[in-house]
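Enquirer: Handing you a structure now.
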Amino acid sequence: VSDDVIRRRLREVLDVEPPDPTLRARVMASLPLDLGEENHGRRWLAGGLAMLLATTIVAGLLLSRTGREASPKTAGQYHSNLVTIGSAQVIAPTDLHCRLPLASTRGGLFLGLPDGQLGLDPTNTSDAGMVRGNYVAGRWIAASPQMAPDGTAYAYASSQKLQTAPYLTAAIHVVDTTTGSDRVIWQGDGVSVSVIGFGSGVVYANAYAANNEANATIKPGLWSFDTRAGGLRRVQVPDDRTRYSGVHDGGVWGVPSSGGLRRLDLATGAVTDYPIGAGAMINVMGFDRDGLPLVRVTSVSVKPGAASSSPNERQPVPIPTAQPAALYVVTRQGDPILMTSDPALVNSVPVADQHGVWLAGSDGSVWLYQQRSGLRKVAQIDPALLGGRVSVAGSCL
Amino acid sequence: MQDDLIREAKAGDRQAFDALVGPMIDPAYRLAFGMLHDREAAEDAVQEAAFKAWKKLANVRDGSGMRPWFFAIVANQCRSTRRSRWWSVLRLGDGDQRSLQIEDRIVRGADLRRALRTLSHDQRLAVVLHYYLDLPLEEVAAVVGAPLGTVKSRIHRGLQQVRPQIEAREAFE
């Protein structure tokens, strides 16, 4: 067999998968904006140290002049010029002392606890257009944020349609919670992204095909973005059909096409399946402070009139039969514990903080779930004050 | 010209990097596909390799060949991919070829592809670079970082293993 025959035969079996014509553009677009430490660090180390020294001196001088006014917003602060629009009826517990951010049709609100006072944030009202539904580190943002493990930064995704481009441009932002500086760590075209987790120096996001996939900078799927060095990598998953929707404590949680709940260990690749809610639709809604997943189980076949489960009861078969959906906390052993099957609450997005898990009902009710005491109604707001829907927008500060 | 581009790329010029590496993306994909036999994995390997190349540009010396340097990164990335746990997990599902009839397997090249997969990484890399990407032996040696004699030996041993499948295809036609 001659060399020419070998070449011809190899091409026959290997040329069957031609490269994607957009591969070059995608590869180039995936590069970090800055060079790596190997290049950048060496060259600019000396200059950087000099700049740092100069900046420190100047900043010190400025701070000494302006005093407290120069201190940036930090996590826990809220707008000082809230407009009081009424009061909610506070039910329990009354020992809470914080303000709970709420996003309502009317605008961004803060529910004072235990006084029940409702303050409207004038910087986020329906008068200015769409209400931004999440409050984090002193700022209202439209997309759901993910906080870094050490709390020093949070990440969120944004998208915009540029007039000059026929496709959607998406971006991932990392915001320093101390300084408020908003840094775009990645920008791409033809996809929409949602941030689902923030690990140590890594932001995890799902990419979805937008309307014009031909211009897509990255393929749909789960990606990790390096917040320090820049760049992105596709997360290797064993099953492309699994809907991954949350990262916590080194694992990504999702719902396999076969049903149930799945945890994929991002370091080892180990897969743990929790066979809950067989035959039902599962959505990972978030995590509590201990990293336990909060899931919504929606029954596919509703059986009206069947006995309802009581809250906090361990369910061997967790599909609620009397209600079309229910919220559960899944323990480390894979046991689903019922939070609620109240129709007014099952579609609300839970928010976990140091107090527990907050829920807001479609009827203006505000609830707190704690492992010890279960779900308790904290307050009732007159729906007329909200202008319509309401959701919990962040931690009670 | 290439040295100028390398200097500009080292200074952080992405366009210079694109001018240097961009034309090599397609052959790099072919190299990765030749090593991995999986389109998605090959694209990922090229993307990862380009990322590493961008980060390690300081290691490129003026006057040295950019292509062997970049292909070596791609080859190393393919080696890492094949060693990863996911690769072994995903490959377990690759058993559909077993059900094909012998004639079908020969016609579709499945036997030859499988024979290529049985080669060691070094043998397969040398064969793919020389016979699939048409790189001269001297450049193959530069990519794999081995003496010319070693490269010839790897190719010789590799071809010994795939030759029966090639001869079978020749005979079948």
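The values are calculated or read from the model by the stated rules, or taken from the named source; none is laboratory data. Computed from a predicted structure; not experimentally measured. Using ideal geometry, Cβ is built from the backbone for each residue, glycine included, and neighbour counts are taken over all protein chains shown.
Enquirer: Which one is modelled with the highest pLDDT among residues in segment A:132-173 that are assigned to a loop (DSSP other than H, G, I, E, B) and polar (S, T, N, Q)?
Expert: Within segment A:132-173, the first condition is being assigned to a loop (DSSP other than H, G, I, E, B), and the residues that meet it are A:132-133, A:137-138, A:142-145, A:148-152, A:162-167.
From what is left, the residues that are polar (S, T, N, Q) are A:144, A:152, A:163-164.
Working: A:S144: 82, A:T152: 90, A:Q163: 59, A:T164: 61.
Going through the qualifying residues, I end up with A:T152.
Enquirer: Can we say A:A88 is more than 8 Å from chain B (Cβ to nearest Cβ), modelled with pLDDT under 70 and out of contact with any Ser or Thr (no Cβ under 9 Å at 6 or more places or on another chain)? Walk me through how you get there before you give the answer.
Expert: Details: more than 8 Å from chain B (Cβ to nearest Cβ): yes; modelled with pLDDT under 70: no; out of contact with any Ser or Thr (no Cβ under 9 Å at 6 or more places or on another chain): yes.
No: the conditions fail for A:A88.
Enquirer: Moving on. Looking at A:G291, A:G199, A:G246, which is the one that is surrounded by fewer than 15 Cβ atoms within 10 Å (Cβ to Cβ) and under 26 Å from A:G138 (Cα atoms)? Working first, answer last.
Expert: Working: A:G199 fails: surrounded by fewer than 15 Cβ atoms within 10 Å (Cβ to Cβ); A:G246 fails: surrounded by fewer than 15 Cβ atoms within 10 Å (Cβ to Cβ).
Just one listed residue meets the conditions, A:G291.
Enquirer: Look at A:G119 and say whether it is surrounded by 12 or more Cβ atoms within 10 Å (Cβ to Cβ), in contact with a Pro (Cβ under 8 Å, 6 or more places away or on another chain), under 30 Å from A:R376 (Cβ atoms) and modelled with pLDDT of 60 or more.
Expert: no
Enquirer: Which members of segment B:123-141 meet the condition of being surrounded by fewer than 21 Cβ atoms within 10 Å (Cβ to Cβ), facing another protein chain (nearest Cβ under 9 Å) and in contact (Cβ under 8 Å) with a residue 24 or more places away in the chain?
Expert: The answer is none; no residue qualifies.
Enquirer: Now for a separate question. Return the residues of segment A:6-21 that are β-branched (V, I, T) and buried (at least 17 other Cβ atoms within 10 Å of the Cβ); say none if nothing qualifies.
Expert: Step one: of segment A:6-21, the residues β-branched (V, I, T) are A:6, A:13, A:16.
Matches in segment A:6-21: A:I6, A:V13.
Enquirer: May I pose another question? Hey, could you check segment A:340-397 for residues that are under 17 Å from A:M285 (Cβ atoms) and charged (D, E, K, R) and say which is surrounded by the most Cβ atoms within 10 Å (Cβ to Cβ)?
Expert: So the residue we want is A:D342.
Enquirer: On to the next question. Conditions first: (1) under 24 Å from A:E17 (Cβ atoms); (2) modelled with pLDDT of 85 or more; (3) within 13 Å of chain A (Cβ to nearest Cβ). B:S88 passes all but one, so which condition is the exception?
Expert: Result: B:S88 fails condition (2) only.
Enquirer: So B:G63 fits all but one of (1) at pLDDT below 75; (2) surrounded by fewer than 15 Cβ atoms within 10 Å (Cβ to Cβ); (3) at the interface with chain A (Cβ under 9 Å from one of its Cβ atoms); what number is the exception?
Expert: Unmet for B:G63, out of (1) at pLDDT below 75; (2) surrounded by fewer than 15 Cβ atoms within 10 Å (Cβ to Cβ); (3) at the interface with chain A (Cβ under 9 Å from one of its Cβ atoms): (3).
Enquirer: Turning to a different aspect of this structure: Can you confirm whether B:A45 is aliphatic (A, V, I, L, M), more than 7 Å from chain A (Cβ to nearest Cβ), assigned to a helix (DSSP H, G or I) and buried (at least 21 other Cβ atoms within 10 Å of the Cβ)?
Expert: Details: aliphatic (A, V, I, L, M): yes; more than 7 Å from chain A (Cβ to nearest Cβ): yes; assigned to a helix (DSSP H, G or I): yes; buried (at least 21 other Cβ atoms within 10 Å of the Cβ): yes.
Answer is yes for this residue.
Enquirer: Can you pull out the residues in segment A:339-374 that are in contact (Cβ under 8 Å) with a residue 24 or more places away in the chain, under 23 Å from the mean Cα position of the chain (by Cα) and in a strand (DSSP E or B)?
Expert: A:M339, A:T340, A:V351, A:A352, A:V357, A:W358, A:L359, A:A360, A:V366, A:W367, A:L368, A:Y369, listed by residue number.
Enquirer: Continuing with this model, one more query. Would you check if there is a residue in segment B:20-36 being at the interface with another protein chain (Cβ under 8 Å from one of its Cβ atoms) and over 16 Å from the mean Cα position of the chain (by Cα)?
Expert: yes
A quick yes/no check of all residues on (1) modelled with pLDDT of 80 or more; (2) part of a loop (DSSP other than H, G, I, E, B):
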position	(1), (2)
A:D240	no, yes
A:V247	yes, no
A:G254	yes, no
A:L264	yes, no
A:A267	yes, yes
A:T272	yes, no
A:V297	yes, no
A:V302	no, yes
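Enquirer: If you don't mind, there's one more thing I want to ask. Just give me the residues in segment B:11-26 being assigned to a helix (DSSP H, G or I) and surrounded by fewer than 20 Cβ atoms within 10 Å (Cβ to Cβ), in sequence order. It would help to see each step written out before you state the result.
Expert: Our first condition is that a residue be assigned to a helix (DSSP H, G or I); within segment B:11-26, this holds for B:14-26.
Passing the criteria: B:R14, B:Q15, B:A16, B:D18, B:A19, B:G22, B:P23, B:D26.
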